[in-house]
Structures are given as structure tokens and as C-alpha cells.
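Contents: one structure, followed by commentary.
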């Protein structure tokens, strides 16, 4: 009987464990999760968007797995009674100098086979009556759901199908044992023929424990959210995004209707002072030292320091945050938004200072390591799981 150990109980780890049980019946599949529940970190703090795959280079893993993963996710949610809403998204140019970038995004979307339509300002306001733009692109297949509920459903299916989800079990070491490994944990040793690393914010550390030299390091970026006050949620029907600036690594703050009917605004992107640093007050010296000692981060900072300082200012000023949103919906003022928590993005940065743009999955004998899986990983998770399992030879 083949023994598989998956490190990480987020949506990618759980989807992979479930896929192993489906594709390789009779195998032993164990998920190790250091928290006391599943989907606590990146999965549990994201915006719940089922992305269409607009932004990603044609032929990339993100482009391919996002499109197939979105379809699989909608089907999974339907099968398991998890609410979804395919509400569509507007990406809006708020000034004429953004139109060429929007046109380029339209061409990329078409190349990725997505249902997109260019709209005039009047046509855009048929979908979002309060939006301000000079042109917009509608992405009809974008939706929203509850990825935390997806995680809980996957965990139940894993157990039902004979697998195991060990909560409160932190990995402390990984030792070679013949052709496999022994995973050392706070709950004892777990032998494995195949190790699958889906540890998100700690994926590079797990890879080093397993004897690899990862080609990139995880640097945590906190994305802070506001939400519209209940009496102002009528300003947004679905999702409203700005045109991203390719000079900068993140999408910019946007407006997202959540599956519970609230409207979230954000996120910004500031360097977190801990890998699980959801507030400025959460500081972990070892994480700060790890980031500060990495040359790739300094190279990135030299290139984008002005952008980074702007994000910090916006983090500290509700007025600036509201002003960013008012570019999309002018009726939003400072008094219309309230703090709504934050998430931390596990962003892999290469040694040359570039952000790893695609999903990064590294194979080694008896091991698969997911070393970069930020957005749209939740959307793509079921397809990522197929990709991972397809890379794993059946143990002898």
C-alpha cells in the first residue's frame, strides 16, 4: 500500500489529498496541519473570488489551471451544496492612459479563451450603476463562493474515503528513509513513500527540511481589507477592479461582493513582519531576520520602494484607502468603510529580486513541493491537485 503524506491543510493540500484517494484507491493518505482546523491561513483570509483567468500569460500554469479549476470548483460547490454566485466582474479604466493596458488585457483574455466584452461607460453602468470609467471590460465567468466551506467539505470527504486529517500536528523535521521519508511531527513520526508539500507560507522551509534548495523564498505580504457599511453595500453589485499596472506586482485595491452579501474593499499589499502577520503588531523576529537577510527582497525593494511606501501610507490612512476606492466608485467616502481584517499572501521571490509570476511546483524523487501558489490558487485548487498527482509516479 502506497503511503502519501501531504503537509498543509489549506485548500491546495486538501484537494491534493482528496485527488490521491480518488485516483489511487487503497493508498494511505495523511494530511498534516499545524492548526486546529483546516483552511486557516491563505484560504481562510482570501476574498472568495472564483477567478476566470484574465491576467495570466497564455500557456502558463496559472492560465491553464485557473480556467479548468474554476469550472471544477463551480461543479464541486454545486455537488456539495456550497453557495456560489457567477456575478461577473468589471475591470475599469478610469483614465484614458489606462485604455491601452485594458486593451492588452482584453487580448490576453481572448487568447485564454475567456468570455469577455468591452463596454462603454454607459454599458458598464448597466452592470454597476455607480461605477466611474472611460471604458470597461466585463468578465462574465467570474464568481464568488466560500472557500472555507470548500475546505471543510474536502476534509470530510478525505476522512470518508479512508484518509486522515491530523490537526494540531506541526512538522518539525524530515528524514530520508530508503526511497521514502519519515516526517517528524509534534504528534510523532509519520512514514511516507511520497511527500507532497502544500505548506503555503512555510512551503520553502518544508522544502529545505526535505533536503531541497528552493529556487525562491517565501516573503509574506499582508493584504488589508475594509468593507462597506451595510447601508452602502448597494453601491456595488458584483466585482469592480482597476486596470493593473504591469510595472507593479499587485492588482491594486478593488471592490468585491462576498457570498454573504457584504462588500469588501482591498487588499493593499504591505510587507508583513511575520509569516502569519495579520496586523502591524504581529512581529516574529525570526521571520523578519529571514526576509531581511534575503538578497532577492532587497533587489525587489530597490525597484519598487516608491510603490511600497505608498502601500504603507494607504495601510495607515483610511482616507487614502477610501480615495483609492473612490476612483472606481466616486460615491464612496471615508465614512463609508470600516476595517475588515487582513490576509497574508505567500509570495515567492527569486534570488534576482523578481516575483515568481506563475505557480511553482518542484519535483524531486518521492517528493512534490508547491513553492508558489498565491491567487488564483483557491480557484485553481482542484486542477492543481490533478497536476500534482499526475506528476507522482506510483510507488513500487
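The values are calculated or read from the model by the stated rules, or taken from the named source; none is laboratory data. Just so we're clear, the structure is a prediction, and the values are computed from it rather than from any experiment. A quick note on method: Cβ atoms are made from the backbone with ideal geometry, for glycine too, and the neighbour counts reach across all protein chains shown.
Just checking, does the stretch 247-263 include any residue being within 24 Å of residue 97 (Cβ to Cβ), exposed (fewer than 15 other Cβ atoms within 10 Å of the Cβ) and out of contact with any strand residue (DSSP E or B) (no Cβ under 9 Å at 6 or more places or on another chain)?
Step one: filter the stretch 247-263 for residues within 24 Å of residue 97 (Cβ to Cβ), giving 247-255.
Cutting the leftovers down to exposed (fewer than 15 other Cβ atoms within 10 Å of the Cβ) gives us 247.
Going one step further and asking which of them are out of contact with any strand residue (DSSP E or B) (no Cβ under 9 Å at 6 or more places or on another chain), we end up with 247.
Among the residues of the stretch 247-263, at least one is within 24 Å of residue 97 (Cβ to Cβ), exposed (fewer than 15 other Cβ atoms within 10 Å of the Cβ) and out of contact with any strand residue (DSSP E or B) (no Cβ under 9 Å at 6 or more places or on another chain), which makes the answer yes.
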Given the conditions (1) surrounded by 15 or more Cβ atoms within 10 Å (Cβ to Cβ); (2) under 27 Å from residue 212 (Cβ atoms); (3) under 23 Å from the mean Cα position of the chain (by Cα), every one holds for residue 340 apart from (2)
Log entry, pairs with first residue in the stretch 7-21 being assigned by TED's automatic domain parsing to the domain that holds residue 346 and closer than 11 Å to residue 155 by Cα, second being modelled with pLDDT under 95 and surrounded by 24 or more Cβ atoms within 10 Å (Cβ to Cβ), beta carbons closer than 7 Å, six or more apart or on different chains, reads none
Looking at the stretch 185-199, is at least one residue outside the structural domain of residue 22 (by TED's automatic domain parsing), surrounded by fewer than 17 Cβ atoms within 10 Å (Cβ to Cβ) and touching a strand residue (DSSP E or B) at 6+ places or on another chain (Cβ under 8 Å)?
no
The lone condition residue 44 fails out of (1) touching a helix residue (DSSP H, G or I) at 6+ places or on another chain (Cβ under 7 Å); (2) at pLDDT 95 or above; (3) surrounded by fewer than 24 Cβ atoms within 10 Å (Cβ to Cβ); (4) part of a helix (DSSP H, G or I) is (2)
Margin query: Being closer than 30 Å to residue 86 by Cβ, surrounded by fewer than 22 Cβ atoms within 10 Å (Cβ to Cβ) and assigned by TED's automatic domain parsing to the domain that holds residue 329 is the requirement here; does residue 234 meet it?
Written below: yes
Apart from one, (1) surrounded by 18 or more Cβ atoms within 10 Å (Cβ to Cβ); (2) within 26 Å of residue 113 (Cα to Cα); (3) out of contact with any strand residue (DSSP E or B) (no Cβ under 7 Å at 6 or more places or on another chain) all hold for residue 88; the odd one out is (3)
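So which strands (runs of 3 or more DSSP E) stay within the stretch 127-177 end to end and still have 3 or more residues that are over 30 Å from residue 324 (Cα atoms) and without any contact (Cβ under 8 Å) to a residue 40 or more places away in the chain? Don't jump to the end; show me each part of the working.
Details: elements: 135-139, 164-166, 171-177.
Correct list: 171-177.
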All conditions in (1) crowded, with 16+ Cβ neighbours inside 10 Å; (2) closer than 13 Å to residue 142 by Cβ are true of residue 102 except (2)
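Considering only residues of the stretch 58-85 that are in a loop (DSSP other than H, G, I, E, B) and without any contact (Cβ under 8 Å) to a residue 60 or more places away in the chain, which is surrounded by the most Cβ atoms within 10 Å (Cβ to Cβ)?
Step by step, filter the stretch 58-85, then rank; the result is 58.
Looking only at the stretch 119-133, count how many residues are out of contact with any helix residue (DSSP H, G or I) (no Cβ under 6 Å at 6 or more places or on another chain) and surrounded by 13 or more Cβ atoms within 10 Å (Cβ to Cβ).
As a first pass, look at the stretch 119-133 and keep what is out of contact with any helix residue (DSSP H, G or I) (no Cβ under 6 Å at 6 or more places or on another chain): 119-129, 132.
Those still in the list that are surrounded by 13 or more Cβ atoms within 10 Å (Cβ to Cβ) too: 119, 121, 123-125, 127-128, 132.
Result for the stretch 119-133: 8.
Conditions (1) assigned to a helix (DSSP H, G or I); (2) touching a strand residue (DSSP E or B) at 6+ places or on another chain (Cβ under 8 Å); (3) closer than 23 Å to residue 272 by Cα; (4) modelled with pLDDT under 90, marked per residue:
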residue: 312; (1), (2), (3), (4): yes, yes, yes, yes
residue: 315; (1), (2), (3), (4): yes, yes, yes, yes
residue: 338; (1), (2), (3), (4): no, yes, yes, no
residue: 343; (1), (2), (3), (4): no, yes, yes, no
residue: 346; (1), (2), (3), (4): no, yes, yes, no
residue: 353; (1), (2), (3), (4): no, no, yes, no
residue: 382; (1), (2), (3), (4): yes, no, no, no
residue: 390; (1), (2), (3), (4): yes, no, no, no
The condition from (1) at pLDDT 90 or above; (2) in contact with a strand residue (DSSP E or B) (Cβ under 9 Å, 6 or more places away or on another chain); (3) surrounded by fewer than 19 Cβ atoms within 10 Å (Cβ to Cβ) that residue 270 misses is numbered (3)
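Name the residue, out of 273, 235, that is more than 15 Å from the chain's Cα centre (by Cα) and within 27 Å of residue 103 (Cα to Cα).
Numbers: 273 fails: within 27 Å of residue 103 (Cα to Cα).
Just a single option satisfies the conditions, and that option is 235.
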Residue 225 passes all but one of the listed conditions (1) in the same structural domain as residue 335 (by TED's automatic domain parsing); (2) surrounded by 14 or more Cβ atoms within 10 Å (Cβ to Cβ); (3) at pLDDT 95 or above; the exception is number (3)
From the option list 168, 162, 178, 113, single residue qualifying as in contact with a strand residue (DSSP E or B) (Cβ under 9 Å, 6 or more places away or on another chain), surrounded by fewer than 14 Cβ atoms within 10 Å (Cβ to Cβ), outside the structural domain of residue 243 (by TED's automatic domain parsing) and at positive phi is 162
